[in-house]
Every structure is written in C-alpha cells, then in structure tokens.
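Let me begin by presenting the structure, written as structure tokens, before commenting on it.
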Number of protein chains: 2
Amino acid sequence: MERIPILKIGDVLLVSIQIDLQDRDVLALQEDLSEQICDTGARGVVIDISAVDIVDSFIGRMFATIASTSRLFDATTVVVGMRPAVAITLVELGLTLGNVRTALNLEKGLAILRQIGGTRSDVLGRADDDQPVDR
Amino acid sequence: MERIPILKIGDVLLVSIQIDLQDRDVLALQEDLSEQICDTGARGVVIDISAVDIVDSFIGRMFATIASTSRLFDATTVVVGMRPAVAITLVELGLTLGNVRTALNLEKGLAILRQIGGTRSDVLGRADDDQPVDR
C-alpha cells in the first residue's frame, strides 16, 4: 500500500494519519520519518491524528517509539488532534504516551515547537499549559 | 468512510490527500472545505497530492472546482506535490486545471500564498527559504 506522506514546513515534519493503521504501516512510517529527519535536519515532528478514531496498544506505543527515535535525532514530536474517545481508550489501555507531547490541534502543536526552539527540554510537559498564539 | 481531515495553519487550510478518491469523497471534501473557509476565514487552501498516483477527469476537475469555490470566499487554492505521472495524465486528459495554482511542494505552496498576501507570515514563517523568524 501507499506510504503515509510526510510533509515539510520549515524545519517541522508533518504527518497526517488518515487510515486505519496496520502494523506494517506503522513500521514503515517510523522508518520514513527517521530518514526524513536525517535528510532534512528537521527539529520537530507533528503527527495529526484527528482522523483516527480507533487505537490499539500497538498504535499507542508507536507514538512513544517515534518520539524516542526522533529525540535521538534532536527532534521533538508532538501528537495533535486526538479525539476524546481515543484519549479515553489510551488511558484505559494504560498507555500514558511517555514523553510524547500532545496538543489540541496543529496550530498549538506548531506553537509548542516554536516555543521549545533550540532549548528543548527532555522534561516534556502537557500541551494545554502552553499559551495559544493569539494575534 | 472517514472524511478527509482539514488542517489549519494560521489562515491557511491544508488538505493532504492520501486515499484513492471516490467521487463521493471529492464532493464531501468540497463541502467540508467551503464550510471551513467560512468558519475560519482562511485566506488560502493548500491541497497536497504527493501521495496520489492515479487521477481521472473527475478528480482533475475537482481541483478547479475547489479553487473556484474557494475564490468566492476570497481564498486562494494551491495544489502541491503533484507527481510527474499525474501531471502527464492530466495533460493527456486535456485538463489544464484552469486557474488553479500549483507548486512543487508544501513549502513552495505556502510561499506562494505569502507572496499573494493576506496570509499571516508569522505563522507560516520559515517555510520556504529557511530564514529564521525574528522573535
């Protein structure tokens, strides 16, 4: 099947997940993302899951794995657009997503990455503490 | 099936097409996009088709229709990431895409929207030329 496209905006890579992920899709995405981070020198990865309405433990762990891998390339991962039902499922599965940052939507995710800038912390807090970008 | 998610970055709406579009998907997308432009006051629409490897005349006309509709809401549409094979097919089908603007990739598409004006450059900064944004 087709690989999930990875879009580039400045030094941020954007992945919009729109399909029911199979395990092999997840593995392919991890691989593609690592390569893209290396090739582009991206400092941030945003994974939009607003179209995802079902998760299982494998998918849940994917986010943590991608975030951990990205961090080895000095890039921060933010998962955005999580639906309430997905959040509930993740908690019920006992998946806290580890060090993965989350944000309500893409804009807030990009704002987090901007705020982190070059002084990214390994102690990653919650997204909703961040100031929205109001102009 | 699931609707194609529409992401918002500043006053630009971003659609990443990753599935083989059926006619009803296209119609749903047109409807959703129009509503989102109205709701958000977006000034630009970027449709990424880097994952699309097959087009037919219906899909080809979709871009022109979306662009025309968006223009009625004062928003500019840019189609980005077209594969060479898709471009060749469109020409062979006699579809010139009318007034639809195209760009090689998402960053160049965002740059076009910035050039045209109306979009907030602070949100879309660092997109095309890796110029740091002063803060």
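Some values worked out for this structure:
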{"item": "Of all residues making up the range A:74-92, the number that are among the aliphatic types (A, V, I, L, M) and either within 14 Å of chain B (Cβ to nearest Cβ) or within 15 Å of A:Leu21 (Cβ to Cβ) (or both)", "result": "7"}
{"item": "Matching residues, the range B:46-59, being within 12 Å of chain A (Cβ to nearest Cβ) and among the charged types (D, E, K, R)", "result": "B:Asp48, B:Asp53"}
{"item": "Checking B:Pro84 against (1) touching a residue at least 24 places away in the same chain (Cβ under 8 Å); (2) at negative phi, the condition it does not meet", "result": "(1)"}
{"item": "Any hit, the range B:69-76, residues being at positive phi, buried (at least 19 other Cβ atoms within 10 Å of the Cβ) and touching a strand residue (DSSP E or B) at 6+ places or on another chain (Cβ under 9 Å)", "result": "no"}
{"item": "Meets criteria (within 12 Å of the chain's Cα centre (by Cα) and without any contact (Cβ under 8 Å) to a residue 40 or more places away in the chain) for B:Ile49", "result": "yes"}
{"item": "Any pair with Cβ under 8 angstrom, 6 or more apart, that starts in the range B:19-30 at a residue that is of a type in the set (Gly, Ala, Ser) and ends at one that is surrounded by 13 or more Cβ atoms within 10 Å (Cβ to Cβ)", "result": "B:Ala28/B:Ile4"}
{"item": "Selection within the range A:41-68 - open to solvent by less than 50 Å² (accessible area, probe 1.4 Å) and not aliphatic (A, V, I, L, M)", "result": "A:Gly41, A:Gly44, A:Asp48, A:Ser50, A:Ser57, A:Gly60, A:Phe63"}
{"item": "Answer from A:Arg43, A:Arg71, A:Arg3 - the residue that is over 16 Å from B:Ser16 (Cβ atoms), in contact with an Asp or Glu (Cβ under 9 Å, 6 or more places away or on another chain) and within 14 Å of chain B (Cβ to nearest Cβ)", "result": "A:Arg43"}
{"item": "Per-region count, the range B:6-24, residues more than 8 Å from chain A (Cβ to nearest Cβ) and open to solvent by 10 Å² or more (accessible area, probe 1.4 Å)", "result": "7"}
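The values are calculated or read from the model by the stated rules, or taken from the named source; none is laboratory data. Note that the coordinates shown come from a computational prediction; the quantities given were computed from them, not determined experimentally. We place every Cβ from the backbone using ideal geometry, glycine too, and count neighbours over all the protein chains shown. Note: areas computed on protein heavy atoms with side chains; ligands, DNA, RNA excluded. Shrake-Rupley method; radii C 1.70, N 1.55, O 1.52, S 1.80 Å.
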